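Below you'll find the structure, written out as structure tokens, and then a few comments.
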Amino acid sequence: MDSTSRDKGVRTRVYHITFYDHDNSAYIQFLGCNLSCLGCIRKRYLWDHHIENIDQAIDAKTAIRTLTLGELEDILRKAVDVLGLRRAVLGGGEPTSDPSFCQIIEILGELGLSISILTNGYELDRVLGCIPPKTLIELSIKSIDSTKYSLYTGGGDLNKVLKNFEMLLNTQLNVVVETILIPQFNDVDDIEKLAMYIAGKDPGIPLIIDEYIPVPQTPWGRPSRESLLDAYRRARKYLHIVIVRSSYPEFHTSKKLGNTLILYPSSQIR
């Protein structure tokens with residue numbers, strides 16, 4: 001399908017887009033998800049929390065409105081022309097649960113953008129055929145313990161995600177696994193078990209360990225820097241690349257990563 005035959009009036013689930021000028025990327029956020037994670041960051045932040053003075057940038061009364069395919073294409077094309085957009089990151093909610101996901105992928109390809117997809121992996125088998133080679137898939141495995149996975153995700157089936165993960169390993173897609181260190185739930189021992197599982201498939205697959213950000217109505221707090229360091233060291237026994245994403249200074253560069261602009265709603269492109 002090309003742009004002339006695409007129904008541009010089809011409504012997507014895209015409700016928010018931001019631009020990062022340090023790497024010329026757009027973060028495209030999708031409304032809704034096929035899981036109900038207890039610690040979902042959307043329970044705390046509706047809009048991109050990297051935006052400075054978010055309350056001033058987006059009025060609290062701004063209604064959520066999803067974009068049509070045509071509107072999405074127009075916004076991204078303008079970002080390419082004006083801002084030099086080169087990369088699109090598709091994130092949550094859950095991008096693959098959008099019925100127009102494959103059409104969105106087509107638009108990104110026509111604009112010449114490299115693509116990263118942040119996904120829980122639940123519906124990857126359904127959309128795999130429309131994802132171009134070399135796309136980066138950041139697959140979130142909340143826990144390698146099936147009982148904990150089901151509890152955290154509101155009834156999700158870990159085996160389904162692991163099956164799709166193993167399917168990815170036979171493609172030309174670039175795969176990264178992400179998990180969350182949650183004190184007294186998905187703890188250091190769980191992270192180590194996940195690293196062992198990944199290494200059994202390919203020790204070259206990177207693992208990202210995210211610091212849990214407390215959200216309302218959950219019992220868990222922020223993990224300590226010591227537990228994050230412990231998780232990192234244990235995972236590194238099995239995997240070549242382990243990355244910790246955390247607000248603690250020792251886990252991130254002190255260099256400011258540039259500016260974050262809103263592309264939708266309330267576009268800041270001039």
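The values are calculated or read from the model by the stated rules, or taken from the named source; none is laboratory data. Every value quoted in this text rests on a predicted model; they were computed, and no experiment measured them. So basically every Cβ, Gly included, is an ideal-geometry build from the backbone, and we count neighbours across all protein chains shown. The accessibility values were calculated without ligands, DNA or RNA, using every heavy atom of the protein model including side chains. Shrake-Rupley method; radii C 1.70, N 1.55, O 1.52, S 1.80 Å.
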Whole-number percent relative contact order across the range 1-160, with pairs defined as alpha carbons under 8 Å at least 6 apart: 27
Solvent-accessible area per residue, Å², over the range 55-115 with all protein chains present [probe radius 1.4 Å]: 43
Within the accessible area of the range 12-98 (1.4 Å probe), percent carbon and sulfur: 49
GluC sites (Glu not before Pro) within the range 24-89, DSSP loop, no more than 11 other Cβ atoms inside 10 Å: E52
Sparsely packed trypsin sites (Lys or Arg not before Pro) within the range 97-142, loop by DSSP, other Cβ within 10 Å at most 14: K134
Radius ratio Rg over Rh of the range 75-231, counting only Cα atoms, Kirkwood formula for Rh: 1.00
The range 125-270 - charge dipole about Cα centre, Lys and Arg +1 at Cβ, Asp and Glu -1, debye rounded to 20: 460
Accessible area expressed per residue, the range 198-254, with surrounding protein chains retained (probe 1.4 Å, Å²): 55
Within the chain: Cβ-based charge dipole about Cα centre, in debye rounded to nearest 20 (Lys, Arg +1; Asp, Glu -1): 180
Residues of type lysines that K78 reaches as a straight line, Cα spacing below 21 Å, ignoring anything fewer than 8 places off in the same chain: K8
Out-of-range pairs (alpha-carbon distance over 20 Å; input K163/K193; K148/K193; K43/K134): K43/K134
Space enclosed by the convex hull of the alpha-carbon atoms of the chain, per residue, Å³: 133
Between helix 188-201 and the chain: long-axis angle, C-alpha atoms, 0 to 90°, nearest 10: 70
Average projected area [Cα convex hull, the range 90-141], square nanometres: 3.3
Stretch gain in nm, segment Q268-K193, where the contour uses 0.36 nm per residue and the Cα spacing is subtracted: 22.6 nm
Cα pair distances exceeding 27 angstrom across the range 2-158, given as percent: 25
Per-selection Rg to Rh, the range 1-84 - Cα, Kirkwood hydrodynamic radius: 0.99
For the range 170-178, 3J(HN,Hα) per residue [Karplus equation, 6.51 cos²θ - 1.76 cosθ + 1.60, θ = phi - 60°, Hz, x = Gly/Pro]: 9, 10, 9, 7, 8, 10, 10, 9, 10
Spacing of the two label points (7 Å from each Cα toward its C-beta) at I243 and K134, in nm: 1.8
Percent of beta bridges antiparallel (DSSP, the range 3-102, rounded to nearest 5): 60
Lys/Arg +1, Asp/Glu -1 at C-beta; the range 166-250 dipole; positive extreme among L228, L239, P183: L239
